[in-house]
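Have a look at the structure below, then the notes.
The values are calculated or read from the model by the stated rules, or taken from the named source; none is laboratory data. All values reported here derive from a predicted model rather than from experimental measurement. Because the Cβ atoms are built from the backbone with ideal geometry, glycine has one as well, and the counts that use them run over all protein chains shown. Remember, those area values only see protein heavy atoms, side chains included, never the ligands or the DNA or RNA. Shrake-Rupley method; radii C 1.70, N 1.55, O 1.52, S 1.80 Å.
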Amino acid sequence: MKVEKFQKLTATAVPLPIENIDTDQIIPARFLKATSREGFGDNLFCDWRYDSAGNPKADFVLNNPKYSGEILVAGRNFGCGSSREHAAWSIHDFGFKVVVSSFFADIFKGNALNNFLLPVQVSEEFLQEILQAVINEPSTELTIDLESQTIALGNKSESFSIDGYKKMCLLNGYDDIDFLLSLKDKIEAFEQKAV
Amino acid sequence: MGKTLFDKVWDAHVVTSAEGGIDVLYIDKHLIHEVTSPQAFAELEERGIQLFRPEKIMATADHNVPTWDQHLPIKDDLSRFQVNKLTENCAKHNVELYGLGHKYQGIVHVIGPELGVTQPGMTIVCGDSHTSTHGAFGSIAFGIGTSQVAQVMASQCLLQNKPKKMRVNVNGVLAKGVSPKDVILYIIAKLSANGGTGYFVEFAGNVFREMSMEGRMTVCNMSIEMGARGGMIAPDETTFEYVRGREFAPKGEDFEKAVAYWETLPTDNDATFDLEYSYDAADIEPMITFGTNPGMGIKVTENVPTEDKFSGQESFDKALGYMGFKAGESLINKQVNFVFIGSCTNSRIEDLRLVAELVKGRKKADNVNAFIVPGSKLVEAQAKSEGLDKIFAEAGFQLREPGCSACLGMNEDKIPAGEYCVSTSNRNFEGRQGQGARTLLASPLVAAITALEGKIVDVKAYLN
């Protein structure tokens, strides 16, 4: 995995005002046969994005040239369903750095953080405000500042929560394996005690 | 203050706590399969990291394997490559593999329990969200992503924030024809597809105490479908008797010692939960889903609702549009051409026996394509030794070979676009069983009756 950092981002956004978007929509199971992490972005939201002949569906937002950006704004309970990390890989590979929603499924949230894709949970009211603003004016920019844990739309902002350890990892570009390997002695001592 | 079952198992596995209060949780058993492990093996190899405790890993091939002619090479190039990669990785890193052709091969959440690998009080993870199944034994079991698969391979530990605790109580007497699948579909319909997010759930009450281990597994399996990381049921005599004598269970004196510890695990009387719900068993009826998430469930005899109390109208209308159902209509008499009995939710011997008992001496409806995919080679062998294969064949049901099959349609077992499938699996998402496929989740009993009738019928009336 390529280790990255996330500190601050100001960018336009892509609106997807659908609730309960599950990981089978984000990346259908038939694309999970790859053995590497790359290239999943091509099939992100595949069955919403393309018809059965593989032609882009004009009414899907990723095919609408009006909208682009590094932030995906989606309806409540984003990423529910399977544990496939391929969902986070495909969103990240497509070029998104942040997903904004009013609620995230647990496993997806963890997978996103492990791939330097920042899930930003906002209130339902603020989510609707952001969606309206972006839908009405595609050049609307959002600013996400991880250090201060804030997301801003114009002069309105909201704070979001993130686990302190994961925040440190994202800000500095650390990943969990290095940290866990540094604990080898403690883990071995635990095993001795547990036996 | 007393501790919950969850607290006791969690606290016994905390190695240390890191910055911000996140716990380093020790993992007793790591289950892997062909789909979510290759990138983890690759990552460790790239970084020059050895597997820390390969003996604590069990591997099988289940997600994309064919359910016909498993003795032949897999036809699909990508599937074959992925399954071969698992074989190669396991051989290279000394991981025990029950691959295609092995007498123990099967769906990872079916073989763990039946081999005695799954035991009370353990922490168990797998790169698959239905790992929650193993919570039926009073273990903490949950699904993880591939980066975490690599973390466990490297350190046998995971960094985890302790989730909140929920208890769902169901007491009373279940009516005839109401199965564990109906109980969990009922609970999810009450709490919604995200009602359990952030929580670990304990299922309590006489309904669960009186369930078989197979039934408990069906319930815990679907905890993830209400967003919970996992579900648990306190271990008791039923649990101990199930585990006793299985291949990898402790034996003799070790088993007695283990039982003495397992008996200390149930939730203390004075322990508290962050959230608690209670339901009356008498209110539960045979269930079926009408929408595109498992929270969209109704009693078979109920009408499709006109709105969803948990989501916006736009998302609700989109779901009904996909399913081809109208708000307020009844599902009774809807023609169904596909019936799938299988998956980590309902592919155990108890499920197959129940279906066999119902269809014995009868025939499936002509319009129906009905197939049964056993959860493992052991389930398949048991079914054959009991003569269930003949009953299925006479009734026109195909008995296939083990795998995840049409639950997620990674292999050839797909439902055609636009077709309805009454399925004993766990997810009714758009396209889950194949592009455009329309899934109706139900119990094995409802599925079998649908296959015989070729349409959805009032199960209660049917049984009387």
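Among residues of the range B:246-269 that are touching a residue at least 40 places away in the same chain (Cβ under 8 Å), those with a beta-carbon under 6 Å from a residue that is open to solvent by 30 Å² or more (accessible area, probe 1.4 Å) and among the charged types (D, E, K, R) at least six positions away or on a different chain give the pairs B:Leu265/B:Lys8; B:Asp268/B:Lys3.
A single entry from B:Lys384, B:Lys364, B:Lys414, B:Lys377 fulfils the requirement of being open to solvent by 10 Å² or more (accessible area, probe 1.4 Å), within 22 Å of B:Ile332 (Cα to Cα) and at pLDDT 95 or above: B:Lys364. For the range B:51-61, a residue qualifies if it is within 17 Å of B:Met410 (Cβ to Cβ) and within 13 Å of chain A (Cβ to nearest Cβ), and exactly one does: B:Ala61. Taking the numbered list (1) open to solvent by 10 Å² or more (accessible area, probe 1.4 Å); (2) under 20 Å from A:Asp22 (Cα atoms); (3) more than 14 Å from every other protein chain (Cβ to nearest Cβ) in turn, B:Leu408 passes all entries but (3). The set of residues in the range A:28-43 that are facing another protein chain (nearest Cβ under 10 Å) and not in a loop (DSSP other than H, G, I, E, B) comprises A:Ala29, A:Arg30, A:Phe31.
Just a yes or no: is a residue in the range B:119-132 more than 21 Å from the chain's Cα centre (by Cα), within 14 Å of chain A (Cβ to nearest Cβ) and assigned to a helix (DSSP H, G or I)? No.
Filtering the range A:1-27 to residues that are crowded, with 24+ Cβ neighbours inside 10 Å and of a type in the set (Ser, Thr, Tyr) leaves only A:Thr23. Within the range B:277-284, is there a residue that is closer than 27 Å to B:Asp11 by Cα and either in contact with a helix residue (DSSP H, G or I) (Cβ under 8 Å, 6 or more places away or on another chain) or of a type in the set (Ser, Thr, Tyr) (or both)? Yes, there is a match, as at least one residue in the range B:277-284 is closer than 27 Å to B:Asp11 by Cα and either in contact with a helix residue (DSSP H, G or I) (Cβ under 8 Å, 6 or more places away or on another chain) or of a type in the set (Ser, Thr, Tyr) (or both). Check whether at least one residue in the range B:388-403 is in contact with a Pro (Cβ under 6 Å, 6 or more places away or on another chain), outside any helix (DSSP H, G or I) and not assigned by TED's automatic domain parsing to the domain that holds B:Ile224, and report yes or no. Yes, some residue in the range B:388-403 is in contact with a Pro (Cβ under 6 Å, 6 or more places away or on another chain), outside any helix (DSSP H, G or I) and not assigned by TED's automatic domain parsing to the domain that holds B:Ile224.
Could you tell me whether B:Glu114 is over 27 Å from B:Gln151 (Cβ atoms), touching a strand residue (DSSP E or B) at 6+ places or on another chain (Cβ under 7 Å) and in contact (Cβ under 8 Å) with a residue 24 or more places away in the chain? The answer is yes for B:Glu114. Count of the range B:11-34 residues, restricted to those that are in contact (Cβ under 8 Å) with a residue 40 or more places away in the chain and over 22 Å from the mean Cα position of the chain (by Cα), is 10. Just for the range B:80-109: of the residues that are of a type in the set (S, T, N, Q) and away from chain A (no Cβ under 14 Å), which one is farthest from the chain's Cα centre (by Cα)? Per the criteria, the residue is B:Asn94. Within the range B:36-50, the presence of a residue that is over 30 Å from A:Ile27 (Cβ atoms) and either within 10 Å of chain A (Cβ to nearest Cβ) or touching a Lys or Arg at 6+ places or on another chain (Cβ under 9 Å) (or both) is excluded.
For the range B:135-176, taking the residues that are open to solvent by less than 20 Å² (accessible area, probe 1.4 Å) and part of a loop (DSSP other than H, G, I, E, B), the one that is nearest to B:His30 (Cα to Cα) is identified as B:Gln156.
For residues that are in contact (Cβ under 8 Å) with a residue 60 or more places away in the chain and more than 9 Å from every other protein chain (Cβ to nearest Cβ), scanning just the range B:310-323, find the one that is surrounded by the fewest Cβ atoms within 10 Å (Cβ to Cβ). Step by step, filter the range B:310-323, then rank; the result is B:Tyr322. Counting only residues that are closer than 16 Å to B:Gln105 by Cα and either surrounded by 16 or more Cβ atoms within 10 Å (Cβ to Cβ) or among the basic types (Lys, Arg) (or both), which one in the range B:68-79 is nearest to the other protein chains (Cβ to nearest Cβ)? Across the range B:68-79, the extreme among qualifying residues is B:Ile74.
Under the condition of being more than 9 Å from chain B (Cβ to nearest Cβ) and outside any helix (DSSP H, G or I), the residues counted in the range A:174-193 number 2.
Restricting B:Thr16, B:Thr60, B:Thr67, B:Thr36 to those that are touching a strand residue (DSSP E or B) at 6+ places or on another chain (Cβ under 7 Å), more than 24 Å from A:Glu191 (Cβ to Cβ) and among the hydroxyl-bearing types (Ser, Thr, Tyr) reduces the list to B:Thr60.
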